[in-house]
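Written below as C-alpha cells is the structure these notes are about.
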C-alpha cells in the first residue's frame with residue numbers, strides 16, 4: 001500500500017525551489033527541474049543533512065552541510081562526500097496538484 005502527500009500546486013514551484021513535505025517522520029524534498037517533478041528523501045546519506053535547505057543546481061540537490069550532490073531524478077550520489085544514493089519517490093501531477101507517493105509505514 002502507498003499514500004499520497006500533497007506537495008502543492010505545480011504553479012507554486014519555481015526553478016531552484018526545493019519544497020519539503022512530510023508524512024509522519026518522513027521528510028521529502030520535492031523539486032521541479034526542466035518541466036518535470038522529482039522527490040527524494042530530505043536526508044543526505046553522508047551525515048543526515050537536510051537536502052531541502054540546500055540548493056538545486058542543474059537537476060542536482062546540493063547538501064548545505066558538506067556540498068554532496070545528488071541527482072534529483074535518480075537519487076544517485078554524484079559528488080563526495082556522499083557515496084550512497086538517496087531514496088526517491090514517484091511524483092504524480094493531477095491537474096495543478098503535485099503529489100508524492102510513499103509506501104505506508106515509512
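Computed from the coordinates by the stated procedures, all read-outs in this text should not be read as laboratory data. Treat the numbers as computed from the prediction; the structure is a model and nothing was measured. Virtual Cβ from ideal backbone geometry, glycine too; neighbours counted across all protein chains shown.
Screening the stretch 31-106 for strands (runs of 3 or more DSSP E) wholly inside it with 2 or more residues that are in contact (Cβ under 8 Å) with a residue 60 or more places away in the chain returns the ranges 36-41, 91-94, 97-103. State whether one or more residues within the stretch 46-67 are under 18 Å from residue 92 (Cα atoms) and either surrounded by 23 or more Cβ atoms within 10 Å (Cβ to Cβ) or within 10 Å of the chain's Cα centre (by Cα) (or both). Scanning the stretch 46-67, I find no residue that is under 18 Å from residue 92 (Cα atoms) and either surrounded by 23 or more Cβ atoms within 10 Å (Cβ to Cβ) or within 10 Å of the chain's Cα centre (by Cα) (or both), so the answer is no.
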